[in-house]
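No lab work stands behind these numbers, since they all come straight from the coordinates. As the structure is a prediction and not an experimental result, all values here were calculated from the model. We place every Cβ from the backbone using ideal geometry, glycine too, and count neighbours over all the protein chains shown.
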Amino acid sequence: MGVVTYDYESTSPVAPSRLFKAFTVEAPKSIEVEANPSSGSIVKINFVEGLPFQYMKHQIGGHDENNFSYSYDLIEGGPWGDKLEKISYENKFEAAAGGGSICKNEIKALIKGSEGVYKPVEAYLLANPESCN
């Protein structure tokens with residue numbers, strides 16, 4: 001299994017508290033929780049019209065209202081594909097020096113079958129030390 005990590009940072013003139021509320025409270029149209037909404041719970045979020053996805057199903061990682069940060073593992077819906085096992089998101093909104101916000105995201109995608117490519121190449125190189133020098 002391979003892991004691809006992508007760090008993304010963008011600035012916004014909107015305050016961190018407002019962005020945090022929009023992403024965690026306002027964008028969802030409805031929320032279906034399989035158990036108490038806490039770390040480890042599975043949640044299906046149906047989004048309001050106009051967003052690129054109708055829904056996402058994820059497992060809650062953490063939610064820190066004081067630091068405007070939250071994390072979750074996407075396990076269904078959204079930008080899902082049959083080659084992914086899960087996508088992990090860590091999101092944080094910080095105040096920018098001149099006002100507004102900086103949005104920091106770390107996204108980790110666990111890719112199914114990536115070892116199916118890596119391991120044969122590795123085995124070939126180990127068996128053929130003169131290759132690719």
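One table, with the values for the structure above:
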read-out: Potential extension, Y55-E85 segment - 0.36 nm per residue separation minus Cα distance; value: 9.0 nm
read-out: Neighbour net charge for T11 - beta-carbon separation under 12 angstrom, K R +1, D E -1; value: -1
read-out: E76-A22 FRET efficiency (beta carbon distance; Förster radius 22 Å; 0.05 resolution); value: 0.45
read-out: Local net charge near S41, Cβ-Cβ under 12 Å (Lys/Arg +1, Asp/Glu -1); value: -1
